[in-house]
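Novice: My questions will all concern the structure given below.
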Amino acid sequence: MKVCYFGISDPNYSRNRVILQGLRQNGIDVVECNAYSVLPREPAMSSLAYVKKYVQLMMHHAGLNYDVLIASYTGQIVMPLLKFITREPVVLDAYLGMYEMFIDYEPEKGNSHSAKAWYHLDRYSFRSANLILADTQQHIKYFHEQFGTDRNKFRRIFVGSDDKIFFPRLGDKLKNDKFVVLFWGTFVPLQGVEHIIRAAKLLEDHKDIAFEIMGYGHTFSYVRGLCEQLELRNVSFFTKWIPYEKLPNYVAKADVCLGIFGGTPKAKRVIPNKAFESLAMEKPLITGDSLAAREAFAHMKNCILCEMGSPKEIAKSIMLLKDDEKLRKEIAKNGYKLFKERFTPKAIGGELKAYLNELA
């Protein structure tokens with residue numbers, strides 16, 4: 001079988017990396033056709049430049065032969081074009097719902113023209129695709145109910161993580177006598193970083209606990225301001241961009257890794273990249289409890305699930321792991337075992353290969 005991996009998203013983004021590696025590790029011949037791999041990158045582009053890139057992308061596709069086309073992460077943006085350029089089955093990776101993302105960022109604009117445009121793009125894309133990939137059953141339920149798409153079209157493919165990048169390694173603990181609680185992310189609303197900051201406030205009397213917050217994004221200014229307002233001394237921010245391949249060096253130094261706690265509707269439907277990355281590095285994970293999280297994880301066995309949006313529960317979970325080294329190591333070990341069984345690129349690629357065989 002030969003697959004065309006088509007779209008405009010960076011093939012090095014974690015979702016794409018896992019799928020591309022997973023398919024190839026399972027013997028699938030993959031040809032990439034996307035704006036990152038076949039076209040020159042430019043720092044800033046006008047609308048006309050984007051149109052030119054799409055034309056070039058279509059021209060590159062014209063010479064390709066394959067059995068199935070996968071419209072990669074953010075594939076809804078190219079779905080209207082695909083009916084004109086391919087007669088082969090199309091698989092849409094709906095890892096990111098465009099309308100859902102817009103509403104999560106700006107819920108007050110739910111009735112705006114922009115929101116309606118994203119809604120109709122998602123709806124059209126779901127109806128046009130032969131098969132749709134989503135990262136959790138909760139996401140599938142949402143897409144089915146929100147857009148009226150036939151539920152039989154959907155298949156769950158977990159996010160997973162690149163095990164060539166994220167794997168257990170010795171952290172530099174000899175130089176750090178603190179109990180390090182680490183969060184990294186892009187500060188999107190669903191991550192709920194403000195709740196982590198308030199949890200740090202509850203634990204400020206524990207001088208041996210240090211919170212490290214890595215990243216930058218939508219809610220960063222608010223979170224940084226909240227930290228200053230609370231006069232916290234146990235939280236440090238690291239906003240410098242870190243190459244994906246270097247991130248594990250920082251994760252290795254952590255005693256506990258944090259997932260998401262936002263409590264938004266979308267937060268309850270997703271399992272973040274950082275959750276799988278933490279397991280891949282054999283680190284104990286604390287993340288928000290949700291039906292989506294329980295699709296993959298078991299509380300007190302391979303991670304700690306705590307109430308979404310509750311600084312008190314986050315703080316309580318951190319202290320539970322800090323005070324019980326045996327439990328901490330057991331959860332980390334079980335989490336790593338689970339990752340190796342279900343969330344490596346090869347495991348995920350094997351599931352996806354089976355679904356593609358249904359179409360080819």
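Novice: Is there a pair in LYS53/LYS274; LYS207/LYS316; LYS153/LYS340; LYS83/LYS266 whose C-alpha atoms are over 21 Å apart, and which pairs would that be?
Specialist: The answer is LYS53/LYS274; LYS153/LYS340; LYS83/LYS266.
Novice: Another one. For GLU295 and ASP324, FRET efficiency with R0 = 25 Å and r from the beta-carbon atoms, rounded to 0.05?
Specialist: For R0 = 25 Å, the calculated efficiency reads 0.45.
Novice: Run the numbers for MET101 and ASP67: contour at 0.36 nm per residue of separation, minus the present Cα-Cα distance, in nm.
Specialist: Result: 9.2 nm gained on full extension.
Novice: How do VAL31, VAL3, VAL159 line up, fewest other C-beta atoms within 10 Å first?
Specialist: If I rank by nearby Cβ atoms, fewest first, I get VAL31, VAL159, VAL3.
Novice: May I pose another question? Just check segment 173-342 against the gyration tensor rule for me: Cα atoms, a ≥ b ≥ c as the square roots of the eigenvalues, rounded for a/c under 1.5, and otherwise prolate or oblate depending on whether a/b exceeds b/c.
Specialist: rounded
Novice: Grab the beta carbon distance between ILE85 and ARG342, set R0 = 35 Å, and tell me the FRET efficiency rounded to 0.05.
Specialist: Working from the Cβ atoms, E equals 0.50.
Novice: Want the number for LEU202 to LYS141: 0.36 nm per residue separation, take away the alpha-carbon distance, what's left?
Specialist: Length gained between LEU202 and LYS141: 18.3 nm.
Novice: When Rg is the radius of gyration of the Cα atoms in the chain and Rh is its Kirkwood radius, what does Rg/Rh come to?
Specialist: Expressed as Rg/Rh, it is 0.98.
Novice: Give, as a single signed number, the net charge of other residues whose beta carbon lies under 14 Å from the beta carbon of ASP104, with Lys and Arg counted +1 and Asp and Glu -1.
Specialist: Charge balance in the 14 Å sphere: 0.
Novice: Then there is this: As I understand it, the dipole of segment 173-342 uses +1 on the Cβ of Lys and Arg and -1 on the Cβ of Asp and Glu, about the Cα centre. Which of HIS299, THR219, ASN249 lies farthest toward its positive end?
Specialist: ASN249
Novice: Specify which residue in the list ASN12, GLY27, GLY349 is farthest towards the positive end of the charge dipole of the chain, using unit charges on the beta carbon of Lys, Arg (+1) and Asp, Glu (-1), about the Cα centre.
Specialist: Sorting the options by dipole projection puts first GLY27.
Novice: Kirkwood hydrodynamic radius (Cα pairs, Å) of segment 46-159?
Specialist: Hydrodynamic radius (Kirkwood, Cα only) of segment 46-159 equals 15.0 Å.
Novice: Kindly write out, for segment 159-164 in residue order, the coupling ³J(HN,Hα) from the Karplus curve 6.51 cos²θ - 1.76 cosθ + 1.60 (θ = phi - 60°), rounded to whole Hz, with x marking Gly and Pro.
Specialist: For segment 159-164, the Karplus curve yields 5, x, 7, 6, 6, 7 Hz.
Novice: Output wanted: per-residue J couplings in Hz (rounded whole) for segment 253-261, from phi through Karplus 6.51 cos²θ - 1.76 cosθ + 1.60, θ = phi - 60°, x for Gly and Pro.
Specialist: Computed from phi, the couplings for segment 253-261 are 8, 7, 8, 9, 10, 10, x, 10, 9 Hz.
Novice: What's the FRET efficiency of ASP29 with LYS52 using the Cβ-Cβ distance as r and R₀ = 25 Å, to the nearest 0.05?
Specialist: Working from the Cβ atoms, E equals 0.25.
Only the coordinates and a few stated rules stand behind these numbers; no lab work does. Keep in mind the model is a prediction, meaning the values are calculated, not measured. All Cβ positions, glycine included, derive from the backbone under ideal geometry; neighbour counts span all protein chains shown.
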